[in-house]
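Take a look at the structure below.
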Amino acid sequence: MRENYELKILSPDQITIKAHSLRNKGARLSQICSVRTKDGFDLLYSYVIDYTFKNYKVSITEDAQIESITAIFPNAFLYENEMSELFGINIKYIALDYKNKLYDIAVETPFK
Amino acid sequence: MAKITKSPWLLHYDGSSCNGCDIEVLACLTPVYDVERFGIINTGNPKHADIFLVTGGINEKNKAVVKQLYDQMPEPKVVVAVGICACNGGVFKDAYNIIGGVDKAIPVDVYVPGCAARPEAIIDGVVKALGVLDEKQKAFKAAKKQKGENK
Amino acid sequence: MSKRSIVPFGPQHPVLPEPIHLDLVLEDEKVVEAIPSIGFIHRGLEKLVDKRNYKDYLYVIERICGICSFMHGMGYAEGIERIMDVEIPDRAKYLRTIWCEMSRLHSHLLWLGLLADAFGFESLFMHCWRMRETILDMFEASTGGRVIFSVNKIGGVLKDMDSAMLKSFVEMFDKMEEEVKTLTNVFLKDYTVGSRLRGVGILTKEDAILNGAVGPMMRAAGIEQDTRKLGYAAYGDLDFDIITGKDCDSFARCEVRINEIFQSFNIIRQAVDKIPQGPVSVDVKGNPNGEAFVRLEQPRGEAVFYFRGDGTEHLNRARVRTPTFANIPSLVKILEGCDYADVPILVLTIDPCVSCTER
């Protein structure tokens, strides 16, 4: 049996609003990841409420700046630092910002 | 193996491996394989160790740590590279953050291949390392003696 | 206020089988803050999709971690099967379930051993690892490998287990169960073990959700959630309860894992009873085009896989969010306010798998 999950599209300015409303519903932040597309990145935010798996896709351009959700979900700091280091995504207001030294890799933004 | 001249102590460090080899190194120390019967003890302190077991292909951040551990070990010392990625990078060779083998960071004496290296192979490698250790010890003593005569 | 000092912990530490670094901010003997720093094992495996085709990448993704190597391979196979809309034979699903539970067994026994080692109970460590060898022998008999199995394939599994082998496994598990019971009684009833674990590292239900804890970490806080209940592989046909703890401390996490060992024995027995006959794999042609999420319950908790293909033989993106990565914020949380001497135990109670975390 395969899991039925939802995958919805969000605009970049809705990221924090959605995170707020999900936190109020008792959701857990499951993961954030990004995918390189032709002219930018797709960010995928996944939340879990009981057994429902909710995913939100945010398409951004290469030089766009997005807002961190660490103020809402503190565990987002690892995912956001990972994205900014490996993909070079510009994220502001990360609670614990490693300044691109989370993995401390030798190459610069290998996934960009 | 004719005889062992001393009870060597091991230091084990995971140098960016998949930890499969690390588990096998630990499995060597536990019942069934049990290298402790040769007098070999796993230590956590590099200053007590004679043999350094390194697994994995070493990444950029780990390079300095491995070097430092190696420098902290007293002479004579032997390095065993456990697993194919410790030998030359193995399946991770093309990955961007792997330097490709322990010998790119520190001098290696014994190579143990396998993915993951089997406990039997690791024990063989350790026994081989004992031979190298004996030779190094002899050379070390001879050098020390000569130094004393020159004084 | 007393003076603050920073003590570095790791990357090389006697209690850590793998390198992770923590900067512990201490006030006398109490930890007030812990700042994790990872990256000692980051290899960049997610990027290797550019260099290996999607069939070969299965062998790379298995090597993310040597403990749950089977489950990483299975997650990848399930993800690609979902994108390509391949339905695998029922027998393959059951075989995957059996190997999954065997992985859980050996992982939990390994963890119990490391925990015993962390509080200095060496003989208990040796006993746990001796039990674990029996399971590794079974793995070797059925897949050919002790640690890395490479038995998954896109469209099923590569090896079959005949009924004689399955029957002998169940007999071995019956025998093992008794031994494991005596062994785990030491963890559950021994006074000294209890004194190191009880009341240490409390992670409340609210904190667990807020910090995104998964697996036994979450269930020990009383949250009833087990990804196996989604019914992937053959779990939908099997009957099992979700194991939870109530004390939210290290002891509860230990108890949850111990109970999961016995649950795994039961699941394997059921699966062996119900396993249907038939082929174990189907042929897969073409290249993946599309995207899919897959969630699995690994020994350490929920793992999230995401794959995207664009119709070529190289995937566009492979992403694995491993359970330890999700548990690190909880580790930081439980370290705040703990005694300095309890740090090694607390690091171990999240069951850290650093190779998974950093990929």
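Of A:ASN81, A:LEU102, A:ILE49, which is farthest along the charge dipole of chain A in the positive direction, counting Lys and Arg as +1 and Asp and Glu as -1 at C-beta?
A:ILE49
Counting only protein heavy atoms and using a 1.4 Å probe, what share of the accessible area of the range B:9-146 belongs to carbon plus sulfur, as a whole percent?
54 percent
What are the residues of the range C:222-271 that lose 50 Å² or more of accessible area, with a 1.4 Å probe, going from their chain alone to all protein chains?
SASA drop of 50 Å² or more in the range C:222-271: C:GLN225, C:LEU230.
Once A and C are treated as a pair rather than alone, how much accessible area drops out, both sides summed, in Å² to 100, probe 1.4 Å?
3800 Å²
Taking only Cα atoms, what is the 0 to 90° angle, nearest 10, from helix A:76-86's long axis to the longest principal axis of chain A?
Here the helix axis deviates by roughly 40 degrees.
When the Karplus curve 6.51 cos²θ - 1.76 cosθ + 1.60 is applied with θ = phi - 60°, which whole-Hz ³J(HN,Hα) does each residue of the range C:249-260 get, with x for Gly and Pro?
Once rounded to whole Hz, the list reads 9, 4, 5, 4, 5, 5, 5, 4, 5, 5, 5, 5.
Using θ = phi - 60° and the Karplus form 6.51 cos²θ - 1.76 cosθ + 1.60, what ³J(HN,Hα) does each residue of the range C:97-107 get, whole Hz, x for Gly and Pro?
Computed from phi, the couplings for the range C:97-107 are 4, 4, 5, 4, 5, 5, 4, 4, 4, 6, 5 Hz.
Just to check I understand the Karplus step: with θ = phi - 60° and J = 6.51 cos²θ - 1.76 cosθ + 1.60, what whole-Hz values come out for the range C:52-68, glycine and proline as x?
10, 6, 5, 7, 6, 5, 3, 6, 6, 5, 4, 8, 4, 8, x, 8, 9
Does anyone have the angle between helix B:20-29 and the longest principal axis of chain B? Alpha-carbon axes, 0 to 90°, nearest 10?
Between helix and principal axis, roughly 40 degrees.
Name the lysines eligible as straight-distance cross-link partners of A:LYS18: C-alpha to C-alpha under 21 Å, and not fewer than 8 places from it in the same chain.
A:LYS8, A:LYS54, A:LYS57, A:LYS92
Please identify which residues in the range C:324-359 have an amide N closer than 11 Å to a label point set 7 Å out from the Cα of C:VAL25, following the Cα→Cβ vector.
none
Kindly work out what percent of the DSSP beta bridges joining two residues of the protein assembly as shown are antiparallel, to the nearest 5.
Roughly 70 percent of the DSSP beta bridges within the protein assembly as shown come out antiparallel.
Using only protein heavy atoms and a 1.4 angstrom probe, determine the accessible area buried between B and C, summed over both sides, in Å² to the nearest 100.
Approximately 3100 Å², summed over both chains.
Positive end of the charge dipole of the range C:4-354 (Lys, Arg +1 and Asp, Glu -1 on Cβ, about the Cα centre): tell me which of C:LEU238, C:LEU197, C:GLN277 has its Cα farthest that way.
Farthest towards the positive end: C:GLN277.
May I ask you to list the residues of the range C:141-176 whose amide nitrogen lies under 19 Å from a point 7 Å from Cα along the Cα→beta-carbon direction of C:ASP283?
Zone members listed by number: C:153-159.
How would you classify the range B:72-139 from its alpha-carbon gyration tensor, with a ≥ b ≥ c the square roots of the eigenvalues: rounded for a/c under 1.5, else prolate if a/b is greater than b/c, otherwise oblate?
oblate
Counting only protein heavy atoms, probe 1.4 Å: which residues of the range C:24-46 lose 50 Å² or more of accessible surface in the full assembly compared with their chain by itself?
C:ILE38, C:PHE40, C:HIS42, C:ARG43
Angle check, please: helix B:119-150 long axis (alpha carbons) against the longest principal axis of chain B (alpha carbons), in degrees 0 to 90, nearest 10.
30 degrees
Please name which of C:SER142, C:ILE258, B:VAL82 has its Cα lying farthest along the dipole of the protein assembly as shown towards the positive end, using unit charges on Cβ (Lys, Arg +1; Asp, Glu -1) and the Cα centre as origin.
B:VAL82
Whole number in Å², please: accessible area per residue of the protein assembly as shown, 1.4 Å probe, ligands, DNA and RNA not counted.
Value returned for the protein assembly as shown: 37 Å² of accessible area per residue.
Accessible area of chain A with a 1.4 Å probe: how many percent of it is carbon plus sulfur?
C and S fraction of accessible area: 49 percent.
Please give me the summed charge of the neighbours of C:PRO276: other residues whose Cβ is under 13 Å from its Cβ, Lys and Arg +1, Asp and Glu -1.
Overall, the nearby charge balance is -1.
Give me the distance between the Cα centres of the range C:150-174 and the range A:15-68, rounded to whole Å.
The range C:150-174 and the range A:15-68 have Cα centres separated by 39 Å.
With the cut-off at 1.5 for a/c, could you classify the range A:6-92 from its C-alpha gyration tensor as rounded, prolate or oblate?
Here the range A:6-92 falls in the prolate category.
Cα to Cα, under 22 Å, and not fewer than 8 places away if on the same chain: which lysines meet these conditions relative to B:LYS136?
B:LYS3, B:LYS6, B:LYS47, B:LYS67, B:LYS77, B:LYS104, B:LYS128, B:LYS144, B:LYS145, B:LYS147
Let me know the shape class of the range C:114-178, please: from the alpha-carbon gyration tensor, a ≥ b ≥ c as square roots of the eigenvalues, rounded when a/c is under 1.5, otherwise prolate if a/b is greater than b/c, or oblate.
Taking the square roots of the gyration eigenvalues as a ≥ b ≥ c, the range C:114-178 is oblate.
Name the residues of the range C:136-165, by number, that are at least 10 Å² less accessible with every protein chain in place than in the isolated chain; the surface is that of heavy atoms, probe 1.4 Å, without ligands or nucleic acids.
Listed by number, the residues meeting the 10 Å² cut-off are C:GLU140, C:ARG146, C:VAL147, C:ILE148.
If I take R0 = 56 Å and measure r between the Cβ atoms of C:LYS274 and B:GLU135 in this structure, what FRET efficiency does the formula 1/(1 + (r/R0)^6) give, to the nearest 0.05?
That pair, C:LYS274 with B:GLU135, gives E of 0.40.
Put one equal scatterer on each alpha carbon of chain B, apply the Debye formula with no solvent term, and list log10 I(q)/I(0) at q = 0.08, 0.22 1/Å to two decimals.
For chain B, the Cα-only Debye profile gives -0.22, -1.40.
Carbon and sulfur: what percent of chain C's accessible surface (1.4 Å probe)?
49 percent
Using DSSP, restrict attention to beta bridges with both residues in the range B:9-146 and report what percent are antiparallel, rounded to the nearest 5.
So the antiparallel bridges amount to about 5 percent of the total.
Using just the C-alpha positions of the protein assembly as shown as equal point scatterers, what log10 of I(q)/I(0) does the Debye formula give at each q in 0.06, 0.07, 0.09 1/Å?
Computed log10 I(q)/I(0) values: -0.31, -0.42, -0.71.
Whole angstrom only: what separates the Cα centroid of the range C:1-66 from the Cα centroid of the range C:246-266?
First find each Cα centre; the distance between them is then 25 Å.
Once you put a point 7 Å from the Cα of C:ALA341 and another 7 Å from the Cα of C:ASP310, both along the Cβ direction, what distance in nm separates them?
5.8 nm
Please report, in debye to the nearest 20, how large the charge dipole of the range A:6-92 is about its Cα centre when each Lys and Arg carries +1 at its beta carbon and each Asp and Glu carries -1 there.
With only Lys, Arg, Asp and Glu charged at Cβ, the dipole is about 380 debye.
Could you tell me the calculated FRET efficiency between A:GLU67 and C:GLU33, based on Cβ-Cβ distance and R0 = 30 angstrom, to the nearest 0.05?
In this case the efficiency is close to 0.75.
How big is the charge dipole of the protein assembly as shown about its Cα centre, in debye rounded to the nearest 20, if each Lys and Arg gets +1 on its Cβ and each Asp and Glu gets -1 on its Cβ?
1100 debye
Where Lys and Arg each count +1 and Asp and Glu each count -1, what net charge lies around C:GLU260 among other residues with Cβ under 13 Å from its Cβ?
0
Might you report the magnitude of the Cβ-based charge dipole of the range C:4-354 about its Cα centre, with Lys and Arg at +1 and Asp and Glu at -1, to the nearest 20 debye?
Around 680 debye, computed over the range C:4-354.
Set the Förster radius R0 to 56 Å, insert the Cβ-Cβ distance between C:LYS229 and A:GLU108 as r into 1/(1 + (r/R0)^6), and round the FRET efficiency to 0.05.
Computed FRET efficiency for C:LYS229 and A:GLU108: 0.85.
The values are calculated or read from the model by the stated rules, or taken from the named source; none is laboratory data. The structure displayed is predicted, hence computed values, not measured ones. Reconstructed Cβ throughout: ideal geometry from the backbone, glycine too, with neighbour counts over all protein chains shown. SASA here: full protein model, heavy atoms, side chains in, ligands and nucleic acids out. Shrake-Rupley method; radii C 1.70, N 1.55, O 1.52, S 1.80 Å.
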